[in-house]
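Undergrad: What follows is a structure written as structure tokens; I'll ask about it next.
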Amino acid sequence: MTGTVKTVITPAGAPRSGAGPTAASYDDLVAGVLRGDFGPAPDTQRIAVAFSTRQAVRHEGRTGGYRNEVLSLRLGAAVGSCALEPGELPEAAIDDCVGADVARLLEHELRPVRVAALDAYLMHVLPHTPANGARPWSLPAGSSLRKSRARARAVVHLIDAPPGARVLVVGVVNSLLEALRERGLSYVPCDLKGGTTEWGEPIRTDALAELPRCDAVLASGMTLGNGTFERLRAHALRHGTPLVMFAQTGSAVLPRFLGAGVSAVCAEPYPFFWLDGGPGIIHRYGGSAAPGAAR
């Protein structure tokens, strides 16, 4: 499916329309990085620190909670990340990454390692700055729930859809569902874990089966880590469906697909909002002229 799309890679140092270099598919992006199209040769760039972050959360007033785990790799001042299901990361993977060059890690047997390495490299050469297309958005200090809701509002206003439109939400976050309702948008919650939302709505498990009946897609960067992103991107490109990504995983990766199926990205690099009670910054790319777009 990705082979039918023409590659649109702009050499590093020659950003296109203020958005930085772009690629037509995930494989094209990796190939471009390996060729050195985006910056220094990745076999000259070594990961200094590798670590995992685990969290369990149940926001005040919510009946349910969740757990997750994130692999993060540090390259210079940049940190690249990929979330995965708790317990899926072998302990040896951390040792594999420390001191390894990015080129080798882009060929690692574990997809989360490959994604985190790509994210670290792109964060290093294309940080979240206005020159690379990013628009900063401030998150307030406060409880995890307050910050979650603030992030959710920043995300959903990137969706170019009229009231009443149906949004496929891939990677269920209750604050996002809440914010979609505030905008008058309906939604189809989808997550590989299944279950129900905070409000008892059934969560679908097959996102691809739900695509034809939805007007827009709001998807987690975790789709990079579980291998479903390319199918969502290709569908959005083929059908002109708005695809908005909210990304802790691959926050520097996903902006490279703007115009190639991805319409907007809310990028949240490490450290994430749930790690700290102080104010924070996320970065928005693309999207319509939403309320509060300049902040």
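Undergrad: Once you list every other residue whose beta carbon is under 13 Å from the beta carbon of SER72, what net charge do they have if Lys and Arg are +1 and Asp and Glu are -1?
TA: That sum, taken over residues with Cβ under 13 Å, equals -1.
Undergrad: If you average the sequence gap of Cα pairs under 8 Å that are 6 or more apart and divide by the length of the chain, what percent do you get for the contact order?
TA: 19 percent
Undergrad: Would you mind computing, in nm to one decimal, how far apart the modelled labels at ARG54 and ASP101 are, each placed 7 Å from Cα along Cα→Cβ?
TA: 3.4 nm
Undergrad: Taking the Cβ of ALA236 as the center, what net charge do the other residues with Cβ under 14 Å away carry, scoring Lys and Arg +1 and Asp and Glu -1?
TA: Taking every Cβ under 14 Å from that of ALA236, the sum is -1.
Undergrad: Using a Gaussian network model of the chain whose springs link C-alpha atoms within less than 10 Å, name the residue from ALA236, ALA77, ALA161 with the highest mean-square fluctuation.
TA: ALA77
Undergrad: Amide H of PHE246: which non-local residues (sequence gap of 5 or more, or other chain) have their own amide H closer than 5 Å, using H built in the peptide plane?
TA: Distant-sequence amide H within range of PHE246: ALA219, SER220, GLY221, CYS266.
Undergrad: If you don't mind, another one. Counting only residues 5 or more places away or on other chains, whose amide H sits under 5 Å from the amide H of VAL188 once H atoms are built in the peptide plane?
TA: Here VAL167, LEU168, VAL169 satisfy the definition.
Undergrad: Calculate for the chain the 222 nm mean residue ellipticity that helices alone would give, adding -39,500 (n - 2.57) per DSSP H run of length 4 or more and normalising by residue count, nearest 500 deg cm²/dmol.
TA: Roughly -7500 deg cm²/dmol at 222 nm, from the helical runs in the chain.
Undergrad: Can you work out D for segment 134-286 in µm² s⁻¹ from Stokes-Einstein, where Rh is the Kirkwood radius over C-alpha pairs, the temperature is 10 °C and the viscosity is 1.306 mPa s?
TA: For the chosen part, D equals 104 µm²/s.
Undergrad: Quick one: of the DSSP bridges fully inside the chain, what percent are antiparallel, nearest 5?
TA: 60 percent
Undergrad: Would you please put 277-286, 241-250, 259-268 in order of how densely packed they are, using the mean number of other Cβ atoms within 10 angstrom per residue and starting with the highest?
TA: 241-250, 259-268, 277-286
Undergrad: What order do you get for LYS147, LYS193 when you list them from fewest to most C-beta neighbours inside 10 Å?
TA: By the 10 Å Cβ count, ascending, the order reads LYS193, LYS147.
Undergrad: Report the local net charge at PHE257: Lys and Arg +1, Asp and Glu -1, summed over other residues whose C-beta lies under 10 Å from its C-beta.
TA: With Lys, Arg at +1 and Asp, Glu at -1, the net is 0.
Undergrad: Given a Förster distance of 22 Å, report the FRET efficiency between ARG231 and GLU88 from their Cβ-Cβ distance, rounded to the nearest 0.05.
TA: The formula returns an efficiency of 0.60 here.
Any read-out appearing in this document is the output of simple, stated calculations on the displayed coordinates, not a laboratory observation. Remember, it's a predicted structure, so these values are computed and weren't measured experimentally. For neighbour counting, all protein chains shown are included, and Cβ atoms are generated from backbone atoms with ideal geometry for every residue, glycine included.
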